[in-house]
Amino acid sequence: MSARLDRRVTFERQGAGRNALNEPTGAWAPLATLWAARADLAETERAAAGQIGAVRAARFTLRRSVLTRSLTGADRLRDEGMIWNITGVAARGLWVDIAAVSNGRKEEA
């Protein structure tokens, strides 16, 4: 059964810049915008550094392509104005499942 690819998602990769602490500082640049299906998996709250924040998890399904083979956890995607950090990429036949998490807030580049 094929997935219903009903949304456009944009994949982004961070530039190569680094600061004195070797942290990435490069700007995020778009790689491609592709059709995908999204399945929301969970919405939880996490306590970190004394603050509680919401975390959303989802699985994005896309057709397998040259781009999807190069995606890693260092990349991210945008869907409906939200930034999703990629946590895993799994190929299955003609499809690729991308696990991602978001804080659920719309962010600007």
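The values are calculated or read from the model by the stated rules, or taken from the named source; none is laboratory data. Remember, it's a predicted structure, so these values are computed and weren't measured experimentally. FYI the Cβ positions are ideal-geometry reconstructions off the backbone, even for glycines, and counts take in every protein chain you see. Ligands, DNA and RNA are stripped out before the accessible areas are found, and what is left, the full protein with its side chains, is counted by its heavy atoms. Shrake-Rupley method; radii C 1.70, N 1.55, O 1.52, S 1.80 Å.
Are there any pairs, at least 6 apart or on different chains, whose C-beta atoms fall under 7 Å, with the first in segment 81-95 and closer than 13 Å to L62 by Cβ and touching a residue at least 60 places away in the same chain (Cβ under 8 Å) and the second open to solvent by less than 50 Å² (accessible area, probe 1.4 Å) and outside any strand (DSSP E or B), and if so, which? Cβ pairs passing all conditions: W95/A3. Search segment 76-89 for residues being surrounded by fewer than 16 Cβ atoms within 10 Å (Cβ to Cβ) and touching a Lys or Arg at 6+ places or on another chain (Cβ under 7 Å), and hand back the single one that is farthest from A27 (Cα to Cα). Across segment 76-89, the extreme among qualifying residues is G81. For segment 41-59, indicate whether the set of residues that are modelled with pLDDT of 90 or more and either exposed (fewer than 10 other Cβ atoms within 10 Å of the Cβ) or farther than 21 Å from N103 by Cβ (or both) is non-empty. Scanning segment 41-59, I find no residue that is modelled with pLDDT of 90 or more and either exposed (fewer than 10 other Cβ atoms within 10 Å of the Cβ) or farther than 21 Å from N103 by Cβ (or both), so the answer is no. What are the residues in segment 90-104 that are open to solvent by less than 60 Å² (accessible area, probe 1.4 Å) and not aromatic (F, W, Y), if any? Result: A90, G93, V96, D97, I98, A99, A100, V101, S102, N103, G104. The residues of segment 5-19 that are at pLDDT below 80 and open to solvent by 80 Å² or more (accessible area, probe 1.4 Å), listed by number, are A16, R18.
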